[in-house]
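One structure is given here, and the rest of the page talks about it.
The values are calculated or read from the model by the stated rules, or taken from the named source; none is laboratory data. Worth saying up front: this structure is predicted, and the values here are computed from it rather than measured. Using ideal geometry, Cβ is built from the backbone for each residue, glycine included, and neighbour counts are taken over all protein chains shown.
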């Protein structure tokens, strides 16, 4: 009784988590499908099987070794509680119904998710440019979903999120992040549902799916923190733009070497003039003294001759006169 009750509870859990949808891939292409599961099965083995009914489906690949085949692989991300199935080099024979499942030892295996794969030779009914998109925190990302059927409802949902994690109108929010949907056509007249997520947060990292009717295309968005290098690059780019815009009107600026060179030349000329003046003054005085010596000598000799002829001078008090008495006269 208890075992049946536990099984009923587990089936109820997965009935809320699981959802059936259809994916369309062109021949030779590849597809990645995320399958979320309940944390109760975090340590259980996961696998992918194919068949019309879950109870009779055949195993395609296991998440535990061996993890993959030539065309399929399964990765179990216990942090995100999601098993991710990747199928490559698809052919028409790969079309069919697939189940993401959990092995239950001693009990009935549990289906986590199921989807129908259509491999066609023409353009897929719903596809995106790439399933991996990267954005920056507080930035935005744009995902273009190309589709062929215009009559069905379009929506953007988070996979594995709680109820209400879908936007099916022009705008809305998912986990507090703004989401806008715009329907348009491109140059080749393809129908495009352009999804824009703005004001990204780190917790927005995860799997989303673009939906048109029962067609779904998963897209993984990774939000990274804005690094210092990115900020510096932005600031440098802005500064370079500002400088280039003002440089044509800017006056030429002399460098320090040029200013110092001009001032240094002026100072050098001034110092040379001072040094020349200081040198010429004593030199001129010396020339005057040298030129006055013969004149003084002649005057002194004449004075001595006159004194010798004058008797009063011989007996007077001027006998101590010498050549030094005449030098001031010459200097003047």
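Summary table
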{"item": "Hits in segment 28-53 (condition: surrounded by fewer than 15 Cβ atoms within 10 Å (Cβ to Cβ) and on the phi < 0 side of the Ramachandran plot)", "result": "30, 39, 40, 42, 43, 52, 53"}
{"item": "Candidates 119, 141, filtered to the one that is within 38 Å of the chain's Cα centre (by Cα) and buried (at least 18 other Cβ atoms within 10 Å of the Cβ)", "result": "141"}
{"item": "Evaluation of residue 93 against (1) more than 34 Å from the chain's Cα centre (by Cα); (2) in a loop (DSSP other than H, G, I, E, B) (one fails), failing number", "result": "(2)"}
{"item": "Given (1) in a strand (DSSP E or B); (2) assigned by TED's automatic domain parsing to the domain that holds residue 36; (3) exposed (fewer than 15 other Cβ atoms within 10 Å of the Cβ), index of the condition residue 101 fails", "result": "(3)"}
{"item": "Test: residue in segment 190-206 that is at pLDDT below 90, farther than 23 Å from residue 86 by Cα and not assigned by TED's automatic domain parsing to the domain that holds residue 78", "result": "yes"}
{"item": "Residue in segment 143-183 that is modelled with the lowest pLDDT, counting only those that are out of contact with any strand residue (DSSP E or B) (no Cβ under 8 Å at 6 or more places or on another chain) and over 17 Å from residue 215 (Cβ atoms)", "result": "163"}
{"item": "Hey, residue 66 surrounded by fewer than 19 Cβ atoms within 10 Å (Cβ to Cβ) and either part of a loop (DSSP other than H, G, I, E, B) or at pLDDT 90 or above (or both) or not", "result": "yes"}
{"item": "Single residue of 107, 160 found to be outside any strand (DSSP E or B) and on the phi > 0 side of the Ramachandran plot", "result": "160"}
{"item": "Residues being within 14 Å of residue 201 (Cα to Cα) and surrounded by fewer than 14 Cβ atoms within 10 Å (Cβ to Cβ) - total across segment 123-136", "result": "1"}
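For (1) within 17 Å of residue 73 (Cα to Cα); (2) outside any loop (DSSP other than H, G, I, E, B), each residue gets a yes or a no:
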| site | (1), (2) |
| --- | --- |
| 23 | no, yes |
| 28 | yes, no |
| 32 | yes, yes |
| 35 | yes, yes |
| 43 | no, no |
| 47 | yes, yes |
| 52 | no, no |
| 60 | yes, yes |
